[in-house]
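To start, the structure under review is shown below, and the notes come after it.
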Amino acid sequence: MHPDQARFLFNFLFPHLKTERATTRKILSAVPADRSDYAPHPNSLTALKLCGHIAGTEIWFLDAILTHSFSDDDDTPPPKWNTPADVIRWYDEKFADRLPRIEALSNQHLMRPVNYIGILNEPAVTYLSLAIRHSVHHRGQLSAYLRPMGAKVPSIYVESGDQRFAPGESSGW
């Protein structure tokens with residue numbers, strides 16, 4: 001990868017990361033605290049654990065982009081959350097800390113390969129895409145939990161059966 005290619009990918013993916021974060025917050029916020037122990041199947045994560053997985057893994061990807069290493073740092077994720085609101089507060093704090101640092105990365109930093117659990121060795125910038133896709137995948141899973149928990153599914157890219165898409169609201173596109 002050339003430096004200009006790394007910057008091109010960054011300029012394309014970084015705005016998407018920011019808009020997808022807003023959608024992630026909407027889904028996490030929709031999980032009722034009193035039903036966060038819900039899981040549709042014994043092999044499924046509880047809603048609270050899934051909230052933590054979504055937020056924690058996204059920050060883990062951002063840290064790997066920053067440090068060129070996937071680690072199990074004690075900072076990501078915290079050992080226990082009690083409510084979805086705890087996850088959101090942590091996610092907001094960690095995302096806000098990393099966002100300006102990610103934005104300031106040089107083209108050389110973005111193009112340097114990062115080894116992901118021994119199966120990928122891709123330029124750091126490509127993990128922005130993986131972070132987005134991972135969150136989108138698990139947000140879909142979590143949104144399917146909402147109605148059985150008695151919650152409403154928020155609009156995501158367009159309106160849902162429970163919420164109309166508000167005029168002027170960002171669609172994430």
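The values are calculated or read from the model by the stated rules, or taken from the named source; none is laboratory data. Because the structure is predicted, anything quoted here is derived from the model rather than measured. Quick reminder, even Gly has a Cβ in these numbers, built from the backbone with ideal geometry, and neighbours come from all protein chains shown. When the accessible area is computed, the model is the full protein with side chains, heavy atoms only, and any ligands, DNA or RNA have been set aside. Shrake-Rupley method; radii C 1.70, N 1.55, O 1.52, S 1.80 Å.
Taking GLU58, GLU103 and ordering them by how much accessible surface each has at a 1.4 Å probe, largest first, produces GLU103, GLU58.
Per-residue accessible area (protein heavy atoms, 1.4 Å probe) orders GLU122, GLU20 as GLU122, GLU20, starting from the largest. Helical content alone sets the calculated 222 nm signal of the chain at -19000 deg cm²/dmol, taking -39,500 (n - 2.57) per DSSP H segment of four or more residues and averaging over every residue.
Mind checking segment 115-159 for chymotrypsin sites (Phe, Trp or Tyr not before Pro) that DSSP puts in a loop (not H, G, I, E or B) and that have at most 14 other Cβ atoms within 10 Å? Here the chymotrypsin sites (Phe, Trp or Tyr not before Pro) that fit, given the DSSP loop and packing criteria, are TYR157. Whole Å is fine, so just give me how far the alpha carbon centre of segment 105-142 lies from that of segment 11-46. After rounding, the separation between the Cα centres reads 18 Å.
Pairs of Lys residues in the chain, spaced 8 or more positions apart or belonging to different chains, with C-alpha separations under 22 angstrom: 10 in total. Computed over protein heavy atoms with a 1.4 angstrom probe, the accessible surface ordering of LEU48, LEU17, LEU9, largest first, is LEU9, LEU48, LEU17. Kindly point out which whole DSSP H helices in the chain project their C-alpha atoms 15 angstrom or further along the helix axis while averaging a Kyte-Doolittle hydropathy of 0.5 or above. Passing helices, by number: 47-67. Compare the Cα positions of GLN108, SER160, MET1 along the charge dipole of the chain (+1 at Cβ of Lys, Arg; -1 at Cβ of Asp, Glu; about the Cα centre) and return the one farthest towards the positive end. Selected residue: SER160. When +1 charges are put on Lys and Arg Cβ atoms and -1 charges on Asp and Glu Cβ atoms, the dipole computed for the chain relative to its Cα centre reaches about 400 debye.
For the chain, taking Cα atoms only, Rg and Dmax work out to 16.7, 50 Å respectively.
Rounded to whole numbers, the Karplus 3J(HN,Hα) couplings from phi for segment 104-110 are 8, 5, 6, 4, 5, 5, 5 Hz, using 6.51 cos²θ - 1.76 cosθ + 1.60 with θ = phi - 60°, and x at Gly and Pro.
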